[in-house]
1. Say we look at the range 110-139 and pick out the residues that are within 10 Å of the ligand (Cβ to nearest atom) and part of a helix (DSSP H, G or I); which of these is surrounded by the fewest Cβ atoms within 10 Å (Cβ to Cβ)?
2. Which condition breaks for residue 263 when tested against (1) buried (at least 18 other Cβ atoms within 10 Å of the Cβ); (2) under 19 Å from the mean Cα position of the chain (by Cα)?
3. So which of 86, 69 ends up being closer than 14 Å to residue 2 by Cβ and surrounded by 19 or more Cβ atoms within 10 Å (Cβ to Cβ)?
4. How many of the residues making up the range 224-237 are surrounded by fewer than 14 Cβ atoms within 10 Å (Cβ to Cβ) and in a helix (DSSP H, G or I)?
5. Do we have any residue at all in the range 70-85 that's near the ligand (Cβ under 7 Å from one of its atoms) and under 29 Å from residue 254 (Cβ atoms)?
6. Is there a residue being near the ligand (Cβ under 8 Å from one of its atoms) and in contact with a helix residue (DSSP H, G or I) (Cβ under 7 Å, 6 or more places away or on another chain) anywhere in the range 47-67?
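Values quoted throughout were computed directly from the atomic coordinates according to the rules given, and no laboratory measurement underlies them. The model shown is predicted, which means the values in this text are computed figures rather than measured ones. Positions of Cβ are generated from backbone atoms using ideal geometry, with glycine treated the same way; all protein chains shown enter the neighbour counts.
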Ligand code: ATP
């Protein structure tokens, strides 16, 4: 296979709780992850010359070993002593530094694609084991769908698929460093913990209203005071009768869940034409696992 094209899907967190900090500095989390139909496009092209070339449409992204797609490719080229090289064309659509695991999902897709391209014969689990060395969310991004993520995010339990709904995604024109948010969280007592078990119950019952009613993200207590625009975007979504709206990951992206396509569309238009959000997408959940 000389060329492979991949869709690297983003995620939202239906629930995100932080249980504590480990000796090694990583945080113990309990999160409910959901893949959404918003994706980066990646093309892998086999090259006779050894080495990795990264090309991307976003001028400010690194194209060296600091890009997670590079790290993923390097890992497999080295481990399997592959003498040829690869060009990675990365077309970004998932907002960057936004709490949607954009870099992690790109890395997961490169692992998946390189495994096929070079016929490495690695199972999904073996790809996930390698992925965690690149980032805590990478194993989930290999797996996709609805999942409970514990440990540092790498202990995954597959869940029944979340019911279909419209997902409105809006990112304000600020970028948030995940590291900064967790550092801030460590410097204060953790406030309200979300009720992850209630969301799990909603998923088991396939009850969209129960899921939406219990969305919760403990990191909002850090990011929203820094960026009040997040609360303003949530408010717009609620005015347009989202079932609920919440920040994803460490933010600043906000997602709203809708069971009425007309209302979702109206909220999309409002945010798209208004000053609060820089990137706005109307999409849905994606439940096909790898
Ligand atoms: P998470 O939801 O996992 O916290 P995020 O949305 O906060 O992720 P990303 O967009 O995945 O953040 O990554 C942002 C940072 O990572 C930026 O500093 C960017 O330069 C760097 N980066 C490296 N590789 C990529 C990539 N393939 N796509 C986006 N950012 C990347």
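1. My answer is 138.
2. All conditions are met except number (2).
3. 86
4. 2
5. The answer is no; no qualifying residue exists.
6. no
Okay, residues lined up against (1) farther than 28 Å from residue 144 by Cα; (2) within 16 Å of the ligand (Cβ to nearest atom); (3) not in a helix (DSSP H, G or I):
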position	(1), (2), (3)
185	no, yes, no
198	no, no, no
202	no, no, no
212	no, no, no
250	no, yes, yes
264	no, no, no
287	no, no, yes
290	no, no, yes
